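Take a look at the structure below.
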Amino acid sequence: MRILIINPNTTASMTATIADSARRVAGHQTEIVAVTSSMGPVSIEGYYDEVFAIPGLLKAIAEGEKTGIDAVVIACFDDTGLDAARALANVPVIGICEAAVSATAFIAQKFTVVTTMERSRLPVEHLVHRYGMSSRCKVRAADIPVLSLEDPTSNARDRLRSEIALALKEDRAEAIVLGCAGMADLTAELRAEFGVPVVDGVAAAVKQAESLAALGLSTAKRGAYATPISKPYRGMLEAFGPGRLIGS
């Protein structure tokens, strides 16, 4: 089984963190193919960044399907371009936010997502509502830029810990969801420190992708996720016309 994991930002070091998390939980027969988007922002922090990350994500999916993959994981907690990706792909596509909150719902009645910045908190809150978890899940922001998680001289990880402590005290959270793929390497450490389940969306998405592929299931191609209609796209987006991208 081959699972394509796409980091939809353009920071390769974050892709390496994501790939490590995925490989730790993947089955022995699963090959993890981790790629960094070839275009777009270096980090995704809010709606504006998200829009410009989607073309590179879709390009990576189209290229990955030509090599033979069994599932796709979008490794951004905004579930960047998830609906468009499901329409494009012929294999299951999993977003790490949806994977994380659905997995956590099996083990905790109330839980909190701790993400990076306030401008990222609001989109994640909307996703939590979309996935039917608003009554069980709160969303907090530690007010840390995404790339600061990779800077050993920053206090980003301390601020993350402080926000988790507040979630446990003020939200009475029974579990914590890490709301950024760049936090994946902290999962085991935070579980041991706080003594509660800590869920990494990358790991959760890999296991769900394996399950769907093993069951022979893929995204429905009727209605909302029907294959895009082939038509010309103009200007700078000409290469992303459905006929060209899918057939390229």
* Structure fact -> Sole miss for S134 among (1) touching a helix residue (DSSP H, G or I) at 6+ places or on another chain (Cβ under 8 Å); (2) surrounded by 15 or more Cβ atoms within 10 Å (Cβ to Cβ) is condition (2)
* Structure fact -> Considering only strands (runs of 3 or more DSSP E) wholly within the stretch 24-103, the ones with at least 3 residues that are in contact with a helix residue (DSSP H, G or I) (Cβ under 7 Å, 6 or more places away or on another chain) and within 27 Å of R222 (Cα to Cα) are 71-74, 93-95
* To do: Pairs only if they're at least six apart or on different chains, beta carbon under 9 angstrom, first in the stretch 12-28 and farther than 20 Å from G95 by Cβ, second among the acidic types (D, E) and at pLDDT 95 or above; list them, first residue then second.
  => G27/E210
* Asked: Can you tell me which residue in the stretch 89-127 is surrounded by the most Cβ atoms within 10 Å (Cβ to Cβ), limited to those that are in contact with a Ser or Thr (Cβ under 8 Å, 6 or more places away or on another chain) and among the aliphatic types (A, V, I, L, M)?
  -> V93
* (1) hydrophobic (A, V, I, L, M, F, W, C); (2) more than 19 Å from I18 (Cα to Cα); (3) surrounded by 17 or more Cβ atoms within 10 Å (Cβ to Cβ): which one isn't true of L215, the others all being true? -> (3)
* Do any helices (runs of 4 or more DSSP H) entirely within the stretch 106-205 hold 2 or more residues that are under 19 Å from the mean Cα position of the chain (by Cα), and if so, which? -> 118-130, 187-194
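The values are calculated or read from the model by the stated rules, or taken from the named source; none is laboratory data. Just so you know, these numbers come straight off a predicted model, no measurement behind them. Virtual Cβ from ideal backbone geometry, glycine too; neighbours counted across all protein chains shown.
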